[in-house]
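Participant: Questions regarding the structure given below will be posed in turn.
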Amino acid sequence: MPLENDVTYGNLQNYKLYLRPNAHAHYGSPEKKKSALSKHQQNVQSLLKIMSKNEPMTTWDLAKISIPNDTSKLREREKIYRRLLIGRKEKGRHSDGILDLGLAVKDGKSFKTGVADKYRLSLYGILYCIDVLDLDKKEMDKIAEKYHNVLPKVFGKWESVKSKIGDKIYGIKLLANGLLADNPQIQVQQGIPFYELMSYVHIKYQRNFENISEEKLAEQISYWFYINLLYQPIQKEKSKIYSLNKIFEEDAELKKWFLVFFRESKKYYYERYNVLKKSEIGK
């Protein structure tokens, strides 16, 4: 369903350098204890956590989940959630909401009692929740269940992949923490093209620093997720090199998708190699 948002999103570099620090400043960071959060920050985190466990909902439905046994306070809670999401105007000035920062998006409408917008987490909102809310494994599994159509190559394959690799699936927390794994000093076992592929993920989307569609951002996150599974640190004793074949052997569609990217990266590096080879430097 087309989204009805004026906010533009950037690539993963944008998330690391701009959106994540900005979200921390506004709504709290992993280092900030819950007791140190302002009332506003507590309300935002509470709302985001509810959204992480549910499909797109109206502010009224979100409020009902928040206080299911106290209908007298529903109207006020619904107003609070609406302000948190879309911001508010006061004395001619607009204060940003969660939508303005890019952590949530409008996704469809409800026609139960009139017309009302439905809201869900954006991909960045999902990463923020994983980064800051100290989610346990069951809560992360719930996000994957509810947002399988937003990140289909990862969340749509979650249970299948998890059955093959176990807790390594929760490595997506590293991305949420802003670790893009594109540092050439990362040392991995010989023969694993971890750095080359991870670098190409960011090269492929480097022109999307300020503007990227949600579908393309989902693709970039998905490439990062599967390449991260290749990581094997250097050890004194030789250990078995992890292979994506374990995942791909029962999913031909996923394998085909990743191999297209793999061949694209090989072509890129081969062309770069030829540029260097044909250069006149030192001749």
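Participant: Scanning segment 223-236 for residues that are farther than 14 Å from Y200 by Cβ and among the polar types (S, T, N, Q), which turns out modelled with the highest pLDDT?
Facilitator: Pass one, segment 223-236, residues farther than 14 Å from Y200 by Cβ: 225, 229, 231-236.
If we keep only those that are among the polar types (S, T, N, Q) as well, we get 232, 235.
Details: Q232: 75, Q235: 64.
Only one residue tops the list, namely Q232.
Participant: So which residues in segment 47-72 are in contact with a Ser or Thr (Cβ under 9 Å, 6 or more places away or on another chain) and over 19 Å from V105 (Cβ atoms)?
Facilitator: Listed by number, the residues that qualify are K64, S66.
Participant: Out of everything in segment 145-160 that is touching a Phe, Trp or Tyr at 6+ places or on another chain (Cβ under 8 Å) and of a type in the set (D, E, K, R), what residue ends up being surrounded by the fewest Cβ atoms within 10 Å (Cβ to Cβ)?
Facilitator: Selected residue: E145.
Participant: Related question: If K73 satisfies all but one of (1) open to solvent by 80 Å² or more (accessible area, probe 1.4 Å); (2) modelled with pLDDT under 90; (3) over 30 Å from T113 (Cβ atoms), what's the number of the condition it fails?
Facilitator: Among (1) open to solvent by 80 Å² or more (accessible area, probe 1.4 Å); (2) modelled with pLDDT under 90; (3) over 30 Å from T113 (Cβ atoms), K73 violates only (3).
Participant: Please work out if P21 is modelled with pLDDT of 95 or more, surrounded by fewer than 17 Cβ atoms within 10 Å (Cβ to Cβ) and within 22 Å of the chain's Cα centre (by Cα). Full working, then the answer.
Facilitator: Numbers: modelled with pLDDT of 95 or more: yes; surrounded by fewer than 17 Cβ atoms within 10 Å (Cβ to Cβ): yes; within 22 Å of the chain's Cα centre (by Cα): yes.
So P21 passes the test.
Participant: For segment 99-131, what are the residues that are part of a helix (DSSP H, G or I), buried (at least 23 other Cβ atoms within 10 Å of the Cβ) and β-branched (V, I, T)?
Facilitator: Answer for segment 99-131, where residues must be part of a helix (DSSP H, G or I), buried (at least 23 other Cβ atoms within 10 Å of the Cβ) and β-branched (V, I, T): just I126.
Participant: Can you pull out every residue in segment 134-144 that is open to solvent by 20 Å² or more (accessible area, probe 1.4 Å) and either touching a residue at least 12 places away in the same chain (Cβ under 8 Å) or part of a loop (DSSP other than H, G, I, E, B) (or both)? Spell out the reasoning first.
Facilitator: Going residue by residue through segment 134-144, those that are open to solvent by 20 Å² or more (accessible area, probe 1.4 Å) are 134, 136-139, 141-142.
The answer is D134, D136, K137, E139, D141, K142.
Participant: Limited to segment 247-283, what total is found for residues that are out of contact with any Ser or Thr (no Cβ under 8 Å at 6 or more places or on another chain) and either at positive phi or outside any helix (DSSP H, G or I) (or both)?
Facilitator: So the answer is 6.
Participant: Can you tell me which condition I172 does not meet? The list is (1) open to solvent by 20 Å² or more (accessible area, probe 1.4 Å); (2) β-branched (V, I, T); (3) modelled with pLDDT of 95 or more, and all the others hold.
Facilitator: Going through (1) open to solvent by 20 Å² or more (accessible area, probe 1.4 Å); (2) β-branched (V, I, T); (3) modelled with pLDDT of 95 or more one by one, I172 breaks only (1).
Participant: Something else: Regarding L48, is this residue open to solvent by less than 40 Å² (accessible area, probe 1.4 Å) and not basic (K, R)?
Facilitator: Working: open to solvent by less than 40 Å² (accessible area, probe 1.4 Å): yes; not basic (K, R): yes.
When the stated conditions are applied, L48 passes them.
Participant: Given the criteria under 17 Å from the mean Cα position of the chain (by Cα) and closer than 30 Å to L230 by Cβ, does A144 qualify? Walk me through how you get there before you give the answer.
Facilitator: On the way: under 17 Å from the mean Cα position of the chain (by Cα): yes; closer than 30 Å to L230 by Cβ: yes.
Taking the combined requirement at face value, the residue satisfies it.
Participant: Please find, among N54, N69, N43, the residue that is under 22 Å from the mean Cα position of the chain (by Cα) and assigned to a loop (DSSP other than H, G, I, E, B). Step through it out loud before you land on a result.
Facilitator: On the way: N69 fails: under 22 Å from the mean Cα position of the chain (by Cα); N43 fails: assigned to a loop (DSSP other than H, G, I, E, B).
After ruling out the rest, the residue left standing is N54.
Participant: Of the residues V105, V115, which is out of contact with any Cys (no Cβ under 6 Å at 6 or more places or on another chain) and either without any contact (Cβ under 8 Å) to a residue 24 or more places away in the chain or closer than 20 Å to G178 by Cβ (or both)? Lay out the reasoning, then the answer.
Facilitator: Details: V105 fails: either without any contact (Cβ under 8 Å) to a residue 24 or more places away in the chain or closer than 20 Å to G178 by Cβ (or both).
Only one candidate qualifies: V115.
Participant: For segment 76-98, how many residues are open to solvent by less than 20 Å² (accessible area, probe 1.4 Å) and at pLDDT 90 or above? Walk me through it before giving the result.
Facilitator: Taking segment 76-98 as the starting set, the residues that turn out to be open to solvent by less than 20 Å² (accessible area, probe 1.4 Å) are 78, 81, 84-85, 87, 97-98.
Restricting the remaining residues to those that are at pLDDT 90 or above gives 78, 81, 84-85, 97-98.
Matching residues across segment 76-98 total 6.
Participant: Report the residue count in segment 175-196 for those that are in a helix (DSSP H, G or I) and open to solvent by 50 Å² or more (accessible area, probe 1.4 Å). If you could, list the steps in order and put the result at the bottom.
Facilitator: In the first step, residues of segment 175-196 are kept if they are in a helix (DSSP H, G or I); the result is 175-176, 194-196.
So of that shortlist, the ones also open to solvent by 50 Å² or more (accessible area, probe 1.4 Å) come out as 195-196.
Looking only at that region, the number is 2.
The values are calculated or read from the model by the stated rules, or taken from the named source; none is laboratory data. Computed from a predicted structure; not experimentally measured. Virtual Cβ from ideal backbone geometry, glycine too; neighbours counted across all protein chains shown. Calculation scope for accessible area: heavy atoms of the full protein, side chains included, ligands and nucleic acids excluded. Shrake-Rupley method; radii C 1.70, N 1.55, O 1.52, S 1.80 Å.
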